[in-house]
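See structure below.
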């Protein structure tokens with residue numbers, strides 16, 4: 001859900017993330033907005049489509065040079081061409097300071113501006129992420145998300161460090177829990193089989209069909225036959241198994257809040273159900289995991305960050321990670337250069353963080 005915020009609230013505390021070296025005309029930061037577009041200005045004059053939403057303009061060094069050569073005070077049409085009323089912020093990439101000839105003009109029209117050390121494409125990507133977080137309360141992370149024991153874990157780190165392989169091996173190796181005699185719970189079905197409830201965690205529930213009427217019994221038997229998982233229908237029970245570990249997302253994970261204010265992680269819609277492995281490349285996750293090992297989302301409870309370091313051995317540090325105002329336990333692990341993050345190390349880290357979630 002989009003919120004209405006002032007520019008000051010949006011950019012507060014984001015100077016380093018945006019590479020800001022100087023900012024001016026801060027009076028214009030009082031403007032309130034709920035939606036913003038981001039556009040490049042590569043030449044003068046600059047125009048916008050009609051009925052455009054408020055716009056952040058990233059003006060290139062070439063456009064600034066053209067503006068300076070033309071003379072901003074000599075051209076009567078320049079205010080309308082360069083600074084339409086829809087423009088609410090001006091960024092200058094690859095700059096350490098705002099040009100002096102521009103400062104007085106920006107102050108007169110209360111248009112805030114900033115000089116950033118980042119190039120225009122990197123600056124735009126940072127701005128998109130910031131606006132997504134502030135206005136829509138959605139954060140994008142580069143990493144893997146999986147669930148263990150009902151708790152979502154975000155595994156973040158650089159590409160090629162072993163995140164996907166470690167998490168995939170961890171999810172795939174989890175055995176189907178063995179159930180001893182007398183440990184199963186029997187449930188009587190009184191509704192259509194779509195209403196079957198599945199036990200959580202290591203539990204294994206059985207659904208009794210002995211007292212069902214014929215149509216309902218036939219539906220259950222048909223469902224079982226389609227799944228191909230229940231050969232012992234003659235016993236009158238259908239075992240419904242819920243695994244302990246689940247796969248959620250690879251490469252990019254979106255984190256937002258649900259109605260209860262809890263953090264929920266899911267895969268980006270453009271790469272949902274896709275996974276990258278060094279051997280197979282980009283393939284469907286269904287080729288590697290059974291459907292009952294895959295979930296659309298999970299409640300995020302902890303973060304594990306992986307980096308490579310010059311240290312000769314592994315180093316694990318406990319930290320706190322703040323996401324959308326929520327504080328999560330975080331383990332930061334540094335691995336030696338040339339080594340990879342693997343399943344065994346992941347298990348050890350999960351043991352360390354389990355007491356805090």
Please compute P(r) over all alpha-carbon pairs of segment 5-136, binned at 5 Å starting from zero, and give each bin as a whole-number percent. 2, 10, 22, 26, 22, 12, 4, 1, 0
Binned Cα-Cα distance frequencies in segment 79-169 - 5 Å width, integer %: 2, 10, 14, 14, 15, 12, 8, 6, 7, 6, 4, 2, 0
Beyond 15 Å, how much of the Cα-Cα pair distribution for segment 127-168 remains, as a whole percent? 54
So what's the projected area for segment 1-57, the Cα convex hull averaged over all directions, in nm²? 5.4
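Please give the contour-minus-distance gain from residue 125 to residue 138: 0.36 nm per residue of separation, less the Cα-Cα distance, rounded to one decimal in nm.
Numbers: separation 13, 0.36 × 13 = 4.68 nm, distance 1.45 nm.
So the extension gain works out to 3.2 nm.
Readers should treat all values here as calculations from the given coordinates under stated rules, not as data from a laboratory. Every value quoted in this text rests on a predicted model; they were computed, and no experiment measured them.
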